[in-house]
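The values are calculated or read from the model by the stated rules, or taken from the named source; none is laboratory data. Because the structure is predicted, anything quoted here is derived from the model rather than measured. Note: ideal-geometry Cβ built from the backbone for every residue, glycine included; neighbour counts use all protein chains shown. We work out accessible area using only protein heavy atoms, side chains counted, and drop any ligands, DNA or RNA first. Shrake-Rupley method; radii C 1.70, N 1.55, O 1.52, S 1.80 Å.
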Amino acid sequence: MNHLLGFSMKILVRNLDRNVTDAEILDLFKAYGKVESCVVVKDEATGKSKGFGFVEMPNPREAIKAIKGLNTFKVKSQGIRVKAADDKA
């Protein structure tokens, strides 16, 4: 009966150190459940991180746990900001 079943949750990760890799973010989120995709957004011209990224998790419950568990978590001594990418109910 859960209408969220089958809909993955997109998570916005901000305030990333410019040297954090996709793999490092993936490892953080994998601790909370299955991760569908994980990407640190890079500048097209320079190839350098823009300081934010997106993670997609297929299970909304696991995604919410990850958001709560990782928001303000320190990565390379910088507190990251984690929230649902779109604030739709």
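Restricting attention to segment 6-25, the residues being under 13 Å from Glu36 (Cβ atoms), of a type in the set (Gly, Ala, Ser) and modelled with pLDDT of 95 or more number 0.
Only one of the numbered conditions (1) modelled with pLDDT of 95 or more; (2) in contact with a helix residue (DSSP H, G or I) (Cβ under 7 Å, 6 or more places away or on another chain); (3) hydrophobic (A, V, I, L, M, F, W, C); (4) outside any helix (DSSP H, G or I) is not met by Ala45, and that is (2). Among the conditions (1) open to solvent by 70 Å² or more (accessible area, probe 1.4 Å); (2) modelled with pLDDT of 95 or more, His3 misses just one, which is (2). Within segment 23-35, can one find any residue that is more than 15 Å from Val82 (Cα to Cα), open to solvent by 50 Å² or more (accessible area, probe 1.4 Å), in contact with a strand residue (DSSP E or B) (Cβ under 6 Å, 6 or more places away or on another chain) and among the charged types (D, E, K, R)? No; the residues of segment 23-35 include none that is more than 15 Å from Val82 (Cα to Cα), open to solvent by 50 Å² or more (accessible area, probe 1.4 Å), in contact with a strand residue (DSSP E or B) (Cβ under 6 Å, 6 or more places away or on another chain) and among the charged types (D, E, K, R). The set of residues in segment 66-89 being open to solvent by 50 Å² or more (accessible area, probe 1.4 Å), over 12 Å from Leu28 (Cα atoms) and more than 12 Å from the chain's Cα centre (by Cα) consists of Thr72, Lys76, Ser77, Gln78, Asp86, Asp87, Lys88, Ala89.
Would you check if there is a residue in segment 43-52 being crowded, with 17+ Cβ neighbours inside 10 Å, among the small types (Gly, Ala, Ser) and within 11 Å of the chain's Cα centre (by Cα)? No, segment 43-52 has no match at all.
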